[in-house]
Amino acid sequence: MNRSSSTSLPPLPGTPLSGLAPAPIPVQETHLEDSILRLAPEIHGAACPPPAPGPGARPMTDVWHTTTGVRTRVRGTALHAALAWQGHFLLLMDDDSAPQGRLHLHLVSREFRVLDSASLATAGAYRQPGPLVLSHPNQIVFCFPSGGTVWRISLFHTFRLRLPRLSEPADVQRHFSWRRHFAVARID
């Protein structure tokens with residue numbers, strides 16, 4: 001079957017129509033920005049009212065994205081830092097209610113759904129961690145002001161299967177799960 005050369009097909013998206021200037025190609029800057037591990041100043045937090053005393057009462061903090069208004073409630077008393085990476089946010093939360101303090105780590109999606117959490121219970125964890133070294137492309141290194149152990153958080157592009165309670169140091173506490181979106185390790 002012969003096709004007539006006079007048959008006109010609709011133009012492809014992004015191609016100019018006859019007599020019009022070429023359409024600009026949209027630049028997807030968010031992809032470049034999302035691939036870089038960076039501090040996320042657009043994330044803020046505020047402590048929730050204290051929970052009623054009793055077993056299982058844990059301090060919580062409301063955390064939200066200032067431009068989208070999306071929010072969630074996570075364990076911890078204060079937001080120390082928020083890091084953005086690959087459309088996710090890693091929240092570093094203080095918990096001074098524990099005797100030696102804890103640092104809670106929560107990885108949340110762009111919609112602020114909690115994907116993974118861990119708690120670091122070690123001496124000095126009640127203080128804000130020292131300088132965060134953003135080790136590209138997917139690692140954060142830090143220590144607490146009291147000195148001692150240097151910690152590394154490795155973020156994963158997709159979840160990985162990990163052995164619960166055996167894949168990380170004893171100071172790292174998590175809910176039982178085989179899937180992890182990040183790992184915490186000691187650097188000695």
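The values are calculated or read from the model by the stated rules, or taken from the named source; none is laboratory data. On a predicted model such as this, the values are computed, not experimentally measured, just so you know. Reconstructed Cβ throughout: ideal geometry from the backbone, glycine too, with neighbour counts over all protein chains shown.
Of the listed requirements (1) surrounded by 13 or more Cβ atoms within 10 Å (Cβ to Cβ); (2) more than 17 Å from the chain's Cα centre (by Cα); (3) farther than 25 Å from GLN128 by Cα, ASP171 misses just one: (3). Can you find a residue that is under 22 Å from THR158 (Cα atoms), exposed (fewer than 15 other Cβ atoms within 10 Å of the Cβ), more than 11 Å from the chain's Cα centre (by Cα) and at pLDDT below 85 anywhere in the stretch 122-135? Looking for residues that are under 22 Å from THR158 (Cα atoms), exposed (fewer than 15 other Cβ atoms within 10 Å of the Cβ), more than 11 Å from the chain's Cα centre (by Cα) and at pLDDT below 85, one finds at least one in the stretch 122-135, hence yes.
Of the strands (runs of 3 or more DSSP E) that lie entirely inside the stretch 47-112, those containing 2 or more residues that are of a type outside the set (Gly, Ala, Ser) and touching a Pro at 6+ places or on another chain (Cβ under 7 Å) span 88-95.
Scanning the stretch 141-155 for residues that are closer than 12 Å to LEU120 by Cβ and modelled with pLDDT of 85 or more returns PHE142, TRP151, ARG152, ILE153.
In this entry, ASP116 passes the filter for residues that are closer than 17 Å to GLN173 by Cβ, modelled with pLDDT of 90 or more and not aromatic (Phe, Trp, Tyr).
Remark: pairs (first residue in the stretch 84-102, at positive phi; second residue modelled with pLDDT of 90 or more; Cβ separation under 7 Å; 6+ apart in sequence or on different chains) = GLY87/ARG110.
Would you confirm whether or not the stretch 155-167 contains a residue that is more than 14 Å from the chain's Cα centre (by Cα), surrounded by 11 or more Cβ atoms within 10 Å (Cβ to Cβ) and under 15 Å from LEU103 (Cα atoms)? Scanning the stretch 155-167, I find no residue that is more than 14 Å from the chain's Cα centre (by Cα), surrounded by 11 or more Cβ atoms within 10 Å (Cβ to Cβ) and under 15 Å from LEU103 (Cα atoms), so the answer is no.
Is it true that some residue in the stretch 160-176 is assigned to a strand (DSSP E or B), in contact with a Phe, Trp or Tyr (Cβ under 8 Å, 6 or more places away or on another chain) and not acidic (Asp, Glu)? Yes, some residue in the stretch 160-176 is assigned to a strand (DSSP E or B), in contact with a Phe, Trp or Tyr (Cβ under 8 Å, 6 or more places away or on another chain) and not acidic (Asp, Glu).
In the set (1) at pLDDT 80 or above; (2) in a loop (DSSP other than H, G, I, E, B); (3) surrounded by 14 or more Cβ atoms within 10 Å (Cβ to Cβ), the condition left unmet by ALA183 is number (2). Looking for something of a type in the set (A, V, I, L, M, F, W, C), part of a strand (DSSP E or B) and modelled with pLDDT of 90 or more - is there at least one such residue anywhere in the stretch 26-39? No, the stretch 26-39 has no match at all.
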